[in-house]
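Values quoted throughout were computed directly from the atomic coordinates according to the rules given, and no laboratory measurement underlies them. Note that the structure is a prediction, hence the values are computed from the model and not measured.
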Amino acid sequence: MAKAHSKLHSRRIQKIVLDNPQRLLDVSAQFIDAGSGQPDWRRVSQVIGVTPVMCRNMYNKLRLRVTRIKNWTGVEMQRLTDAIHNVREERDHRWQIIAQLVGSRSPTQCLHKAQQQGHVSVHPRQKYVQ
C-alpha cells in the first residue's frame, strides 16, 4: 500500500511541475547559489511545494528538454554577453535581469549558455570569468 501511495504522490508531483515547467526553471534561477552555481534545492522546494530531490530531478529532465529547443542566434549571444558584462555579479536576481535583457530566453537558459561559453564558472571554487 505504501508503494502505491508513493507512486501516486510522485505522479501528482510530476503533474504539478509539468503543468508549468517554466515556473520550476525560473524559480531555480532565482535561487542560484553563488558558491556552487547550482540552485538551492531546499529553497526551490519551498516555493514549488515538493521535495528538494524531486525538484532537482525534474529540473534536470526539463533542462535537457529546454536546451534542445533551438540554437542561440548571434543576436541572442551578443545580448547575453553584453548583459553579463553590464549586470553586476552581486546583484540580486542577476539571471532574471540578464534574461530580460536577452529578451528571448529564460534565466536558466541564460545561465547555462553563459556556463557553456565560459562566462560563468561551473566549478564551485572558481571565480566568475570577466
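Data for the structure
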| item | result |
| --- | --- |
| Fully extended contour minus Cα-Cα distance, from HIS93 to THR51, at 0.36 nm per residue | 12.8 nm |
| Potential extension, GLN38-LYS70 segment - 0.36 nm per residue separation minus Cα distance | 9.2 nm |
